[in-house]
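Working notes for the structure below.
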């Protein structure tokens, strides 16, 4: 099965104060977008295309079915599993009510050799290709000992201004197989409700984890 990537533009994520190294500029997020959508840079290449062009095949895996890697996110009080036939197999999504805010977790087992560092340079391209995307913060630091990249920002979706937190982790499972996985974690909400939703969002983002069972906890 060829790797298929969940576009940040479609599911997005919510940035909350306290999760970034620098407080997001909410005034910028809430302000009316310009009449002309920003034109993405011509060299932006979505991560899915980079991996496919590199000959990498991805198989979706339900997080709870993993035996050599632990991938999870917490469910705050008042949130519940969200089911949608349009979601890729194995996708785990929770929501507060029947709409936003939501949090989504996807895992792919990867087959094929590729340059991890180069791949991660494309991990944020989907977000930057979203309509009127404005970046608030980003990071290329490892996450719990694994190569990772994170981007925070806002974009337009169906006449709403959305607030997005997106993290991609390329993890290696336990020996002897040491399988390679791609993990995508996104949290999504309306920008105008960012402050009210912040407590739950912080719990979800802070509670997200990727680790090898039995290994010593790594520093984020």
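Restricting 206, 192 to residues that are surrounded by fewer than 18 Cβ atoms within 10 Å (Cβ to Cβ), in contact with a helix residue (DSSP H, G or I) (Cβ under 7 Å, 6 or more places away or on another chain) and either under 30 Å from residue 98 (Cβ atoms) or modelled with pLDDT of 95 or more (or both) narrows the list to 192.
The number of residues in the stretch 153-166 being assigned to a loop (DSSP other than H, G, I, E, B) and within 21 Å of residue 124 (Cβ to Cβ) comes to 0.
Does residue 109 satisfy the criteria of being modelled with pLDDT of 95 or more and in contact with a helix residue (DSSP H, G or I) (Cβ under 9 Å, 6 or more places away or on another chain)? The answer is no for residue 109.
Within the stretch 52-71, is even one residue touching a residue at least 40 places away in the same chain (Cβ under 8 Å) and touching a helix residue (DSSP H, G or I) at 6+ places or on another chain (Cβ under 6 Å)? Yes.
Residue pairs whose Cβ atoms lie under 7 Å apart, separated by 6 or more positions or on different chains, with the first residue in the stretch 79-105 and farther than 21 Å from residue 208 by Cβ and the second crowded, with 19+ Cβ neighbours inside 10 Å, do not occur. Checked against (1) touching a residue at least 60 places away in the same chain (Cβ under 8 Å); (2) under 30 Å from residue 97 (Cα atoms), residue 167 passes all but condition (1).
Restricting attention to the stretch 134-162, the residues that are in contact with a helix residue (DSSP H, G or I) (Cβ under 6 Å, 6 or more places away or on another chain) and closer than 29 Å to residue 110 by Cα total 3. From the list 187, 169, the lone residue that is at pLDDT 95 or above, under 16 Å from residue 122 (Cα atoms) and crowded, with 22+ Cβ neighbours inside 10 Å is 169.
Report yes if residue 131 is assigned to a loop (DSSP other than H, G, I, E, B), free of Cβ contacts under 8 Å to residues at least 12 places away in the same chain and over 14 Å from the mean Cα position of the chain (by Cα), otherwise no.
In short, no.
Inside the stretch 139-160, residues that are under 26 Å from residue 52 (Cα atoms) and surrounded by 16 or more Cβ atoms within 10 Å (Cβ to Cβ) make up a count of 9.
The values are calculated or read from the model by the stated rules, or taken from the named source; none is laboratory data. All of these numbers come straight from a predicted model, not from anything done at the bench. With ideal geometry, Cβ positions are generated from the backbone for all residues, glycine too; neighbour counts draw on all protein chains shown.
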